[in-house]
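Input: a single structure, listed below in structure tokens.
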Amino acid sequence: MDNKRIDMYESRFKDHVATVKQLDKETQVLTFKRPDSIMWSTEFIFRKNLIFVSGDTGCAVFSTTWEPTWNYDWENTSPEYFAEKCQAFFQEKYVLDQEKAEKDITDHIISILNYYDYDEDEANKLAKEVITLAKQYSEWISVEDKDIFTKKDIESVLKQSFIILNAIYTSDTINDWVLKIQQNNDFSDFMDTGTSWTNSLDITSSAGKMNYRVGMSNTMRKGVIPKNELNKTNFSIRAGGEIIKNLTLDAKLNYTYQKGQGRPEFSASGFNPIFALIYTPRSINLHEMKDVFDKDGKIIDWYPSMLTVVNNPYALTSLSGNKDVTNRINGFASLTYEVSSWLKAMVRFGGDTYGKKTEKWIRHDLISSAGYKDGRFSTGQYNMAEYNADFLVTAQKDKIADSKISGMLSVGGNLMNRQYNSFYATAEGLNIPELYTIQNGQSKTTSTSKSEKEVQSLYALGQLSWDNYLFLDITVRNDWSSTLPKDNRSFFYPSFSLGWVVTDMLTKFKVDVPSWLSFAKVRASYAEAGNDTDPYQLLSVLSTVSNMAGGQMGVAEPSTKANSNLKPEIIKSTEFGADIRFFDNRLGFDVTYYNKRAYNQIISMPSSITSGYSAKYINAGRVDNWGWELQMNATPVRTRDWNWNLWVNFAKNSSEV
């Protein structure tokens, strides 16, 4: 026995960190990590009663060999050489001479165990187990490969794998090793069981011609990510009915309180625990990182130095976090007065307002990115309010003047006002560790924003029908937007559509419609749609800068150049179509041809940085889209108990800029 060689391998692994992982019910992995490397030096895979060994070179072998001949240059072996020797090494030795292989293996194991002071019974037990493994493994290897490698090559690979295995665990049998690594190491070890609880209470009542409803609900959710929770409480009240003759009230008020914490970030964010799990090699035991800190108070991490991402998901959820609180109130109230059987008027006011406060904290030494290494804290307050006031007068009458004409006409208007403001502050480099306040930051930054937008609108919509088979719809609308320049803030957009139900017309004229034709309608339409833009794109809005030379404050232009001549976006579209159904509506076709043209689209176009701006707002040219849409539906089987429905869609679109 070459004691020097065994001592070398004992020394090689004595400072390594051992971890375990359960791949499935039958497979466990034992790994040993070099202190100075992010990769594993050696990995042992236990499957059923079989052991494979994977070293730095990437070779996978099982843990049995025979009488050593110490002429193998382990240190200078290339990965390519090992890769070539990993397939048929055992076939050559065991299958060709099974009896001699069993004796060689037994003698060699006993000699090694005797060196480590095993008693005779333990040595024989281990030798028998290895023989069993060898027999099982021999069935997995193709006999066709037996002549690829020389006997010397195969023996060298085998003996090295077993020497390493025995040099690491010198006082346990194979069964002991398997027991030591039967620990779970899956994503489920880190994740919790998600739960969701919802409780609600509703009370309804009525008095006279009025109806009332009061409701309350609470939802408590616990996510699969540790410390991810959401608590939401909602209270609502609604009342409606006739207050006095011909005057109807409909009103609703809703209040929502929501508190969340531990919301995970997404994608490849350095603070996304799922990304940390995916980034962590599967050979690493998550349990060993669960305590977060080692005995010296340092954050446990499988990587030897701090990175720009967090590798320990337990540290991520324990040493960083966030919370938010949202208060939201929305509701409306409307009054409708029925002037006559064919005329009514409605006025309505509605609002939606919310305030949201957020906090986010990151402990020092968690991540190496600038502004994070020494701890970070940020907080924000975001407020939004939108109010709408509108009115609508509607006249509707059938068979006007005893004719076949029926019609409806509505005239109305709307006033929309939206306000938004926010405050955000960040503290980087905390003077007192883990004291998360803005005042505690070595470097503090704040920002505020405010915007307001108002749109005033007048509109009308009407419909005329002739004998309930020919329909004409017309809408007109004009908006005045505060986000557009004075000369262009008013924009008008109408629409027209004509529908003709051919089968109804034939029936009206007492023309026999074939029984196989269930329904036929053709249609044509033309429509325009207008759109404005976001606030403050007409003139530059200056922002304050606090980190100028000498610590002076100043103001800066935005990176996108404003445009005081913006025009509203207008989209014009034309459409023709037909809807035809057969056999009692069991087979139908709906075909449409459309043509859309977009004018003056407001976009941010990149520009040369030498202009002082990285982009500028412009009205883009015309964008055309045209094409066909075809839908077929069928009901092959229709019975009293069940139907079989089929839908097939086809679409073809062409575009040009």
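The figures follow:
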| quantity | calculated |
| --- | --- |
| Which numbered condition Ser608 misses (of (1) touching a strand residue (DSSP E or B) at 6+ places or on another chain (Cβ under 7 Å); (2) among the small types (Gly, Ala, Ser); (3) free of Cβ contacts under 8 Å to residues at least 24 places away in the same chain) | (1) |
| From Lys344, Lys399, residue being over 25 Å from the mean Cα position of the chain (by Cα) and free of Cβ contacts under 8 Å to residues at least 24 places away in the same chain | Lys399 |
| Residues located in the stretch 522-543, provided they are under 27 Å from Lys616 (Cα atoms), open to solvent by 50 Å² or more (accessible area, probe 1.4 Å) and of a type in the set (Val, Ile, Thr) | Val541 |
| Unmet requirement for Asn468, which otherwise passes all of (1) loosely packed, with under 15 Cβ neighbours inside 10 Å; (2) of a type outside the set (Val, Ile, Thr); (3) part of a strand (DSSP E or B) | (3) |
| Enumeration of residues in the stretch 239-270 that are surrounded by 17 or more Cβ atoms within 10 Å (Cβ to Cβ) and not in a strand (DSSP E or B) | Gly262, Arg263, Pro264, Gly270 |
| Cβ-Cβ under 6 Å pairs, at least 6 apart or on other chains, the stretch 494-521 side touching a residue at least 60 places away in the same chain (Cβ under 8 Å) and open to solvent by less than 40 Å² (accessible area, probe 1.4 Å), far side among the hydrophobic types (A, V, I, L, M, F, W, C) and part of a helix (DSSP H, G or I) | Ala520/Val502 |
| Residue within the stretch 265-274 that is of a type in the set (Ser, Thr, Tyr) and touching a helix residue (DSSP H, G or I) at 6+ places or on another chain (Cβ under 7 Å) present | yes |
| Count of residues meeting criterion [crowded, with 21+ Cβ neighbours inside 10 Å, within 30 Å of Lys356 (Cβ to Cβ) and of a type in the set (A, V, I, L, M)] in the stretch 271-295 | 1 |
| Failed item, numbered, when Lys521 is tested on (1) basic (Lys, Arg); (2) in a loop (DSSP other than H, G, I, E, B); (3) touching a helix residue (DSSP H, G or I) at 6+ places or on another chain (Cβ under 8 Å) | (2) |
| Selection within the stretch 273-297 - within 19 Å of Tyr372 (Cα to Cα) and in contact (Cβ under 8 Å) with a residue 24 or more places away in the chain | Pro273, Phe275, Ala276, Val292 |
| Flag if Asp590 is open to solvent by 60 Å² or more (accessible area, probe 1.4 Å) and either of a type outside the set (A, V, I, L, M) or out of contact with any Gly (no Cβ under 8 Å at 6 or more places or on another chain) (or both) | no |
| Selection status of Ser540, of a type outside the set (A, V, I, L, M, F, W, C) and in contact with a Pro (Cβ under 7 Å, 6 or more places away or on another chain) | yes |
| Count of residues meeting criterion [open to solvent by 80 Å² or more (accessible area, probe 1.4 Å), under 21 Å from Ala268 (Cβ atoms) and either small (Gly, Ala, Ser) or in contact with a Phe, Trp or Tyr (Cβ under 7 Å, 6 or more places away or on another chain) (or both)] in the stretch 296-353 | 0 |
| Gln442 being more than 33 Å from the chain's Cα centre (by Cα), loosely packed, with under 15 Cβ neighbours inside 10 Å, assigned to a strand (DSSP E or B) and not aliphatic (A, V, I, L, M) | yes |
| Subset of the stretch 375-418 (residues that are assigned to a strand (DSSP E or B) and of a type in the set (Val, Ile, Thr)) | Thr379, Val393, Thr394, Ile405, Val411 |
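The values are calculated or read from the model by the stated rules, or taken from the named source; none is laboratory data. On a predicted model such as this, the values are computed, not experimentally measured, just so you know. With ideal geometry, Cβ positions are generated from the backbone for all residues, glycine too; neighbour counts draw on all protein chains shown. When the accessible area is computed, the model is the full protein with side chains, heavy atoms only, and any ligands, DNA or RNA have been set aside. Shrake-Rupley method; radii C 1.70, N 1.55, O 1.52, S 1.80 Å.
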